[in-house]
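Visitor: I have a structure here, written as structure tokens, and I will follow up with some questions on it.
Nothing in this text is a laboratory measurement; each read-out follows from the coordinates by a stated rule. Keep in mind the model is a prediction, meaning the values are calculated, not measured. No Cβ is skipped: glycine too gets one built from the backbone with ideal geometry, and neighbour counts run over all protein chains shown.
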């Protein structure tokens, strides 16, 4: 999406922070975390929180390479000192949730997705050291022309999400 913005094929998009603020105007929208999802039968299922390093030997179920969720989780693992063992990739969050439910691995999903998901058979766990954030922002090219319709849409989005930030 950032490339599409820079090429001018789209005017406005939603991106995941951090964003290159030298190239884009950024309007923060939603600040959330990625939560660890495990089967109810997983050894970690009774924990409320876990350090990322404790997941070193787990099988990871991630969004496909090229999705920002993939990058966020992989980079956090590498920063914690290990390369995640990725056993399955998907473009569908509900499929990842189903695989986790069947105890085929662990996955990370945004709080916003999990709020509306069928959570029977799985547990969510807060991950720290480090936490993996999922902060969304409205972005557009710096100093670019915005049509009146785009400007109105940006105003509407700011008003709608104004109370949701943080």
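Visitor: Taking neighbour Cβ counts within 10 Å as the exposure measure, how do 69, 55 sort from fewest upward?
Guide: 69, 55
Visitor: Gap in Å between the Cα centre of region 69-113 and the Cα centre of region 1-46?
Guide: Between the Cα centre of region 1-46 and that of region 69-113, the gap is 15 Å.
Visitor: I need 37, 113 ordered by Cβ neighbour count within 10 Å, fewest first.
Guide: Final ranking by Cβ density, sparse to dense: 113, 37.
Visitor: Ok, one more. Could you tell me the relative contact order of region 32-133? Use alpha-carbon pairs under 8 Å, at least six residues apart, and round to a whole percent. It would help to have the intermediate numbers written out before the result.
Guide: Details: 185 pairs, mean separation 53.0, N = 102.
Over region 32-133, the number comes to 52 percent.
Visitor: Over all directions, how big on average is the projection of the convex hull of the alpha-carbon atoms in region 72-166, in square nanometres?
Guide: If you wrap the Cα atoms of region 72-166 in a convex hull and average its projections, you get 8.9 nm².
Visitor: In region 83-108, which residues have a backbone nitrogen under 19 Å from the label point lying 7 Å from residue 51's Cα in the Cα-to-Cβ direction?
Guide: Answer for region 83-108: 83-85.
Visitor: Ignoring solvent entirely, what values of log10 I(q)/I(0) come out of the Debye formula for the chain at 0.10 Å⁻¹ when each Cα is a single scatterer?
Guide: Evaluating at q = 0.10 Å⁻¹ gives log10 I(q)/I(0) of -0.43.
Visitor: Relative to the first principal axis of the alpha-carbon coordinates of the chain, what is the inclination of helix 148-161, with its axis defined by its Cα atoms, in degrees from 0 to 90 and to the nearest 10?
Guide: Its long axis makes an angle of about 40 degrees.
Visitor: Let me ask something else about it. Which order results if 3, 85 are arranged by neighbouring Cβ count within 10 Å, fewest first?
Guide: Ranked by crowding around the Cβ, least crowded first: 3, 85.
Visitor: Suppose we keep just the DSSP beta bridges with both residues in the chain; what percent of those would be antiparallel, to 5?
Guide: Numbers: 21 of 31 bridges.
Looking only at bridges with both residues in the chain, the antiparallel portion is about 70 percent.
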